[in-house]
1. Of the conditions (1) on the phi > 0 side of the Ramachandran plot; (2) in a helix (DSSP H, G or I), GLY89 clears all except one; give me its number.
2. Can you name the residue in the stretch 102-139 that is of a type in the set (D, E, K, R) and surrounded by 13 or more Cβ atoms within 10 Å (Cβ to Cβ) and is also nearest to the chain's Cα centre (by Cα) among such residues?
3. Consider only pairs whose beta carbons are under 6 Å apart and that are at least six residues apart or on different chains; among these, list those whose first residue lies in the stretch 96-121 and is free of Cβ contacts under 8 Å to residues at least 40 places away in the same chain and closer than 21 Å to GLY72 by Cβ and whose second residue is surrounded by fewer than 17 Cβ atoms within 10 Å (Cβ to Cβ) and basic (Lys, Arg).
Amino acid sequence: MTEYLVKTEEDGQMTWDFGKALDEISRFEQELDASDNVKTPDGGPSSYYDMPFQDWVTLNDQMEYLAQNKWGVYAIHLKDVFKGLGRWGDKEGTTPLYDTKKGIYYFCRVMKMMTGAKGLREYLQSILDDPQFKEQKSE
């Protein structure tokens with residue numbers, strides 16, 4: 001994320017370079033569009049699980065690796081999903097339901113970055129319209 005921070009000419013303060021961030025979002029969107037050629041899994045080993053686990057001591061180490069090598073501009077939100085999964089109700093004052101809601105919220109933020117608010121709202125509505133999520137009379 002530090003590559004989006006730049007010093008301003010006037011006062012030398014650090015500020016966000018949203019142009020760079022938007023360029024990266026565009027690049028990710030192009031990669032998503034190009035990924036229409038989805039590989040069919042065969043149930044065997046997959047290289048995307050090959051990570052330097054031996055180099056990590058904490059969950060933070062793993063998140064830093066993923067932020068730099070996989071998540072890119074979405075790391076701002078995916079780290080919060082990952083933290084919720086890692087602690088899963090163990091943090092004082094939280095519950096698994098709290099961490100579930102937090103994960104959903106931050107995944108929605110990621111999807112909004114990818115599809116815009118309209119795309120996110122359409123997707124969420126399609127989930128609400130799915131029969132498995134409709135209220136049952138017994139509830």
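1. In the conditions (1) on the phi > 0 side of the Ramachandran plot; (2) in a helix (DSSP H, G or I), GLY89 misses (2) alone.
2. If we filter the stretch 102-139 for residues that are of a type in the set (D, E, K, R), which is where we start, we get 102, 109, 112, 118, 121-122, 129-130, 134-135, 137, 139.
This time we only want the ones that are surrounded by 13 or more Cβ atoms within 10 Å (Cβ to Cβ), so: 102, 109, 112, 121.
Working: LYS102: 12, ARG109: 8, LYS112: 11, ARG121: 17 Å.
It comes out as ARG109.
3. Partner pairs satisfying both residue conditions: LEU120/LYS112.
Read-outs throughout are calculated quantities, based only on the coordinates presented, and are distinct from any laboratory measurement. What you are looking at is a predicted structure, and each value in this text was computed from that prediction instead of being measured. All Cβ positions, even for glycine, are placed from backbone atoms using ideal geometry, and neighbour counts span all protein chains on display.
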